[in-house]
């Protein structure tokens, strides 16, 4: 059953991973030629126009974008968080429900397996693909940066790990939500809403002290990119919170799915 889950989800994993790699390939291909001394000066002058709060929201107040790694520390990793979050949300919202949509749940129920085992097999396969996507992207970016410029490798590795924390929680939350319905269309919209709302709350929370409280209701706060850039370390509290939220929502999923009437 586990092998079946790996095969079923491979195509979507491949598409999402290729989209991400293609984007960064273009960045590494064009960035060195774009960032001439004149362009850098023009960009620095343009950034002075933007409010400090907006620069802070994208970490541009603590990192220049005159190098590819500088861009990664600002817009680049923010984009990675968003895309991996969307992928994790979609995976969580349909990995259980697709059996009901495809009418294959009857076949699974006819096998000598419990619902608990079904859920765990799907969770394990999803975790493999989420972690594999982050690993592949991190490896690709590491090689790309190594070819075109010098960069802080320790900082890069830490930043490459951060999407794991938000992605696994988004997956677990969306998986739990999916146990309340029988249609993937309903949960897909909710899952994407959770991702985008969390993303915007995180951005807005960085803009001023009055909106800072919003970070406490954004899943992307768990990634804590700004802290990693400033202190070159991952906050262990964020790691523990990510694991705790993941476990809580997985347990809730198991409890509710076991009571659910399957279509």
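Summary of computed values
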read-out	value
Test: residue 137 is out of contact with any helix residue (DSSP H, G or I) (no Cβ under 6 Å at 6 or more places or on another chain), closer than 28 Å to residue 70 by Cα and in a helix (DSSP H, G or I)	no
Matching entry among 72, 29, 55 (being crowded, with 19+ Cβ neighbours inside 10 Å and either within 21 Å of residue 162 (Cα to Cα) or at pLDDT 70 or above (or both))	72
Index of the failed condition, residue 143 passing every other in (1) modelled with pLDDT of 90 or more; (2) within 17 Å of the chain's Cα centre (by Cα)	(2)
Answer residue from region 105-124, given it is outside any helix (DSSP H, G or I) and closer than 16 Å to residue 3 by Cα and is modelled with the lowest pLDDT among those	111
Count of region 58-69 residues which are under 20 Å from the mean Cα position of the chain (by Cα) and modelled with pLDDT of 75 or more	1
Residue in region 37-47 that is on the phi < 0 side of the Ramachandran plot, over 23 Å from the mean Cα position of the chain (by Cα) and modelled with pLDDT of 75 or more present	no
Which listed residue, of 169, 195, is under 14 Å from residue 123 (Cα atoms), touching a residue at least 60 places away in the same chain (Cβ under 8 Å) and touching a helix residue (DSSP H, G or I) at 6+ places or on another chain (Cβ under 7 Å)	169
Those residues of region 228-258 which are exposed (fewer than 15 other Cβ atoms within 10 Å of the Cβ) and closer than 15 Å to residue 56 by Cβ, in sequence order	230
Residue list for region 172-210, filter: surrounded by fewer than 16 Cβ atoms within 10 Å (Cβ to Cβ), over 25 Å from residue 98 (Cβ atoms) and modelled with pLDDT of 80 or more	200, 210
Number of positions in region 5-23 that are in contact (Cβ under 8 Å) with a residue 60 or more places away in the chain and within 14 Å of residue 135 (Cα to Cα)	5
Residue in region 76-90 that is in a helix (DSSP H, G or I), within 30 Å of residue 208 (Cα to Cα), modelled with pLDDT under 75 and under 21 Å from the mean Cα position of the chain (by Cα) present	no
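The values are calculated or read from the model by the stated rules, or taken from the named source; none is laboratory data. This one's a predicted model, so the numbers in the text were calculated from it and none came from an experiment. Methodologically, a virtual Cβ is constructed for each residue, glycine included, from the backbone with ideal geometry; neighbour enumeration extends over all protein chains shown.
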